[in-house]
Amino acid sequence: MKDGNHTMSQTKTILRALAGETLPTPPIWMMRQAGRYLPEYRATRAQAGDFLSLCYNPELAAEVTLQPIRRYGFDAAILFADILLLPQALGADLWFVTGEGPRLSTITQAADFDRLKPVDEIDAVLNPIYETVRILRQELPPETTLIGFAGAPWTVATYMIAGRGTPDQGPAHALKAENQALFEVLLARITAGTIEYLSKQIEAGAEVVKIFDSWAGSLKGEDFQKYAVAPAREITQALKARHPEIPVIGFPREAGDGYIGFAKATGVDCVALDNSVSAEWAAAHVQVDGCVQGNLASSHMVTGGQALVDEAKAIVQAFSGGPHIFNLGHGITPDADPDNVQRMIDAVRGQ
Ligand code: CP3
């Protein structure tokens, strides 16, 4: 498998960018590329019954992963799953309320934490995800890179503590302030689970892994170092020890100045950028340390037009002096027009 990956790294554009190569045209994929803006995704989800049943059905999860590859020929496929499957595997209740988002059992006291399962039991729930990865490695075109992923411990903890998404991550900040010991053992359990989960994805065939810290931006100062940088470093170091050839992408979303030095501090091979930072700024302050990914505002996938083309080309230009993977600054939204995705790809590839 090592030899296989090595050979592939010569040809797959995403692996070349992640290895530090500056390419004439950046490779491209899109966060949430398998999702509700695509009619074929909605049809397969209906066939599965609901979102979680889709995640745990390897054949159908592989099918929706492949749909945007067939339609657009992206350079990477991202495993279809969710960052909240790990909490579920650790014993949290998880369900999705249509039109509202995820709901989980909450963690507010030691007794809630004590009910969680040990890390060595997560595979009982997550085995179907590894099966999806194995199917994808068989079915993806040879030029397409398969990306596995997990949530970063802080972001996963914000959902496990509050039992839902929150605008300001208030409940997680409150637990951190009021019961730091409990907050930190929870983070440690998620970190250990994430290392295990990503290792198994890699063993099943994931060629790159990405760590999504969607709420990193609400960690300030010392907290950012302790709860965004340190866990990303711990996960990255553990993965590199087991699988030295597998690149890691870190996404400390809305980190602002925290993006500076993030790759050096954590060991990630690439820093994914949201669109609150300009590409010019990021080229000067982040890309100087290596590969970056991003960062077109996902709203362009709704509004389209010349602004979409101009902005996509400006981002390509700003990052043209170093390794770059083109992406959105956050996931594509359900109201996006699938034709705008093709316009973005054409603008990036210069057609
Ligand atoms: O990017 C991809 O195409 C791969 C699959 C993927 C999903 N979620 C599928 C999904 C990935 C990488 C994620 C990551 C994820 N999940 C994050 C981190 C990235 C980010 O968006 O900030 C987070 C915070 C979650 C948790 C989550 N899952 C929320 C808050 C929601 C509800 C909000 C929403 O967009 O509906 C989900 C649901 C979810 N995850 C959907 C998909 C396609 C929509 C569910 C549906 O089909 O009804």
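The values are calculated or read from the model by the stated rules, or taken from the named source; none is laboratory data. Predicted, not measured: the structure shown is a model, and the values here were computed from it. FYI the Cβ positions are ideal-geometry reconstructions off the backbone, even for glycines, and counts take in every protein chain you see. The area values use the complete protein model at the heavy-atom level, side chains included, leaving out ligands, DNA and RNA. Shrake-Rupley method; radii C 1.70, N 1.55, O 1.52, S 1.80 Å.
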Under the Cβ-under-4.7 Å rule, which cysteines of the chain stay unpaired? CYS55
On a 0 to 90 degree scale, rounded to 10, what angle separates helix 39-48 from the longest Cα axis of the chain? 30
Compute, for ARG349, the solvent-accessible surface of its heavy atoms (probe 1.4 Å) with the complete set of protein chains present, and express it in square angstrom to the nearest 10. 80
Per DSSP H run of n ≥ 4, the term is -39500 (n - 2.57); total these for the chain, divide by its residue number, and report the mean residue ellipticity at 222 nm rounded to 500 deg cm²/dmol. -14000 deg cm²/dmol
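Take every DSSP beta bridge whose two residues both sit in the chain, then give the antiparallel share in percent to the nearest 5.
15
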So the angle from the long Cα axis of helix 338-349 to the longest Cα principal axis of the chain, reported in degrees to the nearest 10, equals 60
Can you give me the % of accessible surface on region 123-218 that is carbon or sulfur? Probe 1.4 Å, all protein chains present, nothing else counted. 52
Cα centroids of region 158-189 and region 249-305: how far apart, whole angstrom? 25
Cα axis of helix 123-139 to longest principal axis of the chain: angle in degrees, 0 to 90, nearest 10? 10
Residue pairs, from the table LYS176/LYS220; LYS210/LYS264; LYS200/LYS264; LYS210/LYS313; LYS12/LYS210, whose Cα atoms sit over 21 Å apart: LYS200/LYS264; LYS210/LYS313
